[in-house]
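K.L.:
Following this message is one structure expressed as structure tokens.
The values are calculated or read from the model by the stated rules, or taken from the named source; none is laboratory data. Fair warning: this is a prediction, and the values are worked out from it, not measured in the lab. Cβ sites come from the backbone with ideal geometry, for glycine too, and all protein chains shown count toward neighbours. Please note that ligands, DNA and RNA were not included when accessible areas were found on the heavy atoms of the full protein model with its side chains. Shrake-Rupley method; radii C 1.70, N 1.55, O 1.52, S 1.80 Å.
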Amino acid sequence: MTKTFLASLLLTGTCLTSAQAQTLFSYGGKSVSKADFLRIYQKNATQQKADRSEKALREYLDLYSLFRMKVSEAEAQHLDTSAAIQGELENYRRQLSRSYLSDPSATEKLMQEAYQRMQTNVAVAHILIPVPASGDTIVAFRKADSIYKVALRKGSDFGALAKAFSSDRGSKDNGGNLGYITGMQTIYPFETVAYNTPVGKIAPPFRTQFGYHILKVSNRKPGQGEVEVQQIMALTPKSKGADGIAAARLTIDSARRDLAAGMSWEEAVKKYSQDKFSSDNNGLLKPFGIGRTAVPFEEAAFALKKPGDLSAPVQTDFGIHLLRLVRHIPIQPIDSMRDDLRRRIENDSRGQIAKDRYTEQVKAKYGYTAFPEALNRLISTASKSIPDSGKSAGRFNPSDFRNETQPLFRINNTAFTGADFMRFVGQTTNNNLMGNRELALREIFNLYTANVLNDFQIQSLERDNAEFRNLLTEYRDGILLFDLMDRNVWSKASKDTAGLTAFYQAHKDKYRWEDGFEGTVLRFGNRPAAEEAVKMMASGLDSARQEAILTRFNQPNTPPAVTITQQGTFEWSRFPDFTRQQLSVGKPSPIKANTDGSYTVVYMKKPVAAGNQKTLAEARGYVVAEYQDALEKAWNERLRQQYPVKVDNKVFNTMVQ
């Protein structure tokens, strides 16, 4: 059984029988129903309509019954009780539950809102007033409010106020200007205020995780989607100051003159561009949207009209750029963006809105009753009892609160006490609470309540939601199968030295060299290094020359510019980098550009004739693979004898179409 097939089965291989279901087959006393088999078979079909021929069904039944035997064998060996398996399953359970534990209508509303906002870009500037580490929001708010009132005065300069008071280092020197933003680009509270503020107006101070913001909207325009451009870039190192900028402008001006005189874009990029990340790909950059790059760069790119149009020189903090339009990419229809939007919303702060709404529904469902007086008393007691200074500042022992037996809330008549909560606080904070303890404890209490409710919901999901239960069981069976296969086949074949050697000796005539060559494969981080190394190899590549190449290009404490990726004997049929016509004895190969931006050069030392015997070390990869197959075939046969399969052919025939 291949790993590919195993991966397919583990995603679909669960068996949920019922007393009313028709039994299709049994194996070693366990049974699988017709309904369960068909559900799994159709789910695993590679075509839209599953092949219901007798031949296809028989083949799948043989494979699936073997899968069930292996899961049963893993259970018999108690692999399902191991800490590693239990931990991985619990992580998956919580991850899987996220998509079930929210309000779909709230998520849909947020998705529609985000998509509509993407249709408009909003130009904003802001002033940021941070909240101090102590958590005292009053002082920060009063400062923000006073600045806001000044900003509203007639003739007030918002940009000057931003330069004087904003703590946002990225925008304050530019008068707080953030350029244009669009939907799903900034944190949700900031985005919402921006889209709800009219052009020319200033929003009152509002709070986000970064502090208090005073936001001004200066313009709106239709959303533009994304743009894809190529560039020629001349670097402007800060160390060279104005001279560096002047030199970069001369470089870009030269490129423009050559292009106007008929030089191809590809030639101009190769001759002039200093951007090592794009120059090897004709200057092509990844598509980008509003707010993803420097404002001058963005404006120049989106201003280009037709593919092939060139921009005027654009200056950014990185250099002087000449841009060439490849294409404009319009905003896609919402149906084609739905999955991506849902994923981004779930991972965004706005996703908490859907979760909060669902939490309120869950509280009602499970009879959640809170006791705020008990919580207030506990928080006051805990805040006062934790030291403010000295070696033990902020430290506490959850066991000191073991007598806090008064319930903080109840769910389904189950009480959750102050002692339970403080144990959770200790686990969350590593028994250390600094800063504003009352605020921290209230935030941790919200997290604690959410965790408890989440556990109740997951238990309910496993009991009441068949889809969730099936997926969880399938994942559990899958990780059991992989663990068992690793023990019995994959790792065993690699570690069983005696068995591997015996298998090689019994089949050694299969392991002979095909037509090939002996040589060295070198990989370079950049083309100039590869070109220079090729010159160094022109007169040969012995160990001394190889060491000289490594020493020449690799510097201490920096990523290596050249590595020897392989050295030894290679077979032409298994060597993808070059054909035999491209290599010559005693000479380096042409330089091959790889998709990851690196470059490969091969030096062919001598040809190798077919027929010579491979040692176990030389054939190890092939021997291990074939030894694994032999081990699995023998193991499969033992399992079939241990778990005999009995098929009810009358039931089977009702599936055939």
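K.L.:
Which far-off residues, 5 or more places away or on another chain, put their amide H under 5 Å from the one on Leu24, with H placed in the peptide plane?
P.N.:
Answer set, sorted by chain and number: Val32, Ser33, Lys34.
K.L.:
Using a 1.4 Å probe on the protein chains only, how many percent of the accessible area of the chain belongs to carbon and sulfur?
P.N.:
50 percent
K.L.:
Could you name the aspartates and glutamates whose alpha carbon sits less than 12 Å from that of Lys286, not counting residues in the same chain fewer than 8 places away?
P.N.:
Glu226, Glu228
K.L.:
In addition: Give me the number: length gained by fully extending Ile138 to Gln274, i.e. 0.36 nm times residue separation minus the C-alpha to C-alpha distance, one decimal in nm.
P.N.:
Additional length available on full extension: 43.9 nm.
K.L.:
Given Lys43/Lys650; Lys55/Lys510; Lys510/Lys606, which pairs have Cα atoms separated by over 27 Å?
P.N.:
Lys55/Lys510
K.L.:
Can you tell me the length gained on complete extension of the stretch Glu571 to Arg220, counting 0.36 nm per residue apart and subtracting the Cα distance?
P.N.:
My answer for the length gained is 120.1 nm.
K.L.:
Quick check on packing: order 240-246, 164-170 by the mean number of other C-beta atoms within 10 Å, highest mean leading.
P.N.:
Ranking, from highest mean packing down: 164-170, 240-246.
K.L.:
Using the alpha-carbon centroid of each, what span in Å lies between the range 496-542 and the range 357-390?
P.N.:
66 Å
K.L.:
If the reach is capped at under 30 angstrom between alpha carbons, list the lysines near Lys365, excluding any in the same chain fewer than eight residues apart.
P.N.:
Within reach: Lys109, Lys355.
K.L.:
Further question on the same structure: Would you calculate the separation in nanometres between label points at Glu373 and Gln95, each defined as 7 Å from the Cα along the Cα-to-beta-carbon direction?
P.N.:
4.6 nm
K.L.:
Here is a follow-up. Per DSSP H run of at least 4 residues, take -39500 (n - 2.57); add these up for the chain, divide by its residues and hand me the 222 nm value, nearest 500 deg cm²/dmol.
P.N.:
-15000 deg cm²/dmol
K.L.:
Here is a follow-up. Ordered by packing density, taken as the mean number of other Cβ atoms within 10 Å over each peptide's residues, highest first, how do 382-395, 578-591 rank?
P.N.:
Descending packing order for the listed peptides: 578-591, 382-395.
K.L.:
Quick one: if you stick a label point 7 Å off each Cα along the C-beta vector at Asp173 and Thr579, how many nm between them?
P.N.:
My value for the distance between the label points is 5.6 nm.
K.L.:
If I model a spin label as a point 7 Å beyond the Cα along the Cα-Cβ vector, how far apart are those points for Arg207 and Lys163 in nm?
P.N.:
Between Arg207 and Lys163, the simple spin-label model gives 3.2 nm.
K.L.:
Right, another one. Grab the range 207-280 and count how many Lys pairs have their alpha-carbon atoms under 29 Å apart, sequence gap of 8 or more, or different chains.
P.N.:
Lysine pairs satisfying the spacing and distance rule in the range 207-280 number 6.
K.L.:
Further question: Classify the range 483-606 as rounded, prolate or oblate from the Cα gyration tensor: take a ≥ b ≥ c as the square roots of its eigenvalues, call it rounded if a/c is under 1.5, otherwise prolate when a/b beats b/c and oblate if not.
P.N.:
Prolate is the answer for the range 483-606, as a/c is 1.5 or above and a/b outweighs b/c.
K.L.:
If you don't mind, another one. If packing is taken as the mean number of other Cβ atoms within 10 Å per residue, what is the order of 288-295, 440-447, highest first?
P.N.:
Answer by packing, highest mean first, reads 288-295, 440-447.
K.L.:
May I pose another question? Applying 1/(1 + (r/R0)^6) with R0 = 60 Å to the Cβ-Cβ distance of Arg327 and Gln427, what FRET efficiency is obtained, to the nearest 0.05?
P.N.:
Efficiency, rounded to the nearest 0.05: 0.70.
K.L.:
Multiply the residue separation of Leu235 and Gln22 by 0.36 nm, subtract the distance between their alpha-carbon atoms, and state the gained length in nm to one decimal.
P.N.:
So the chain would gain 69.4 nm between Leu235 and Gln22.
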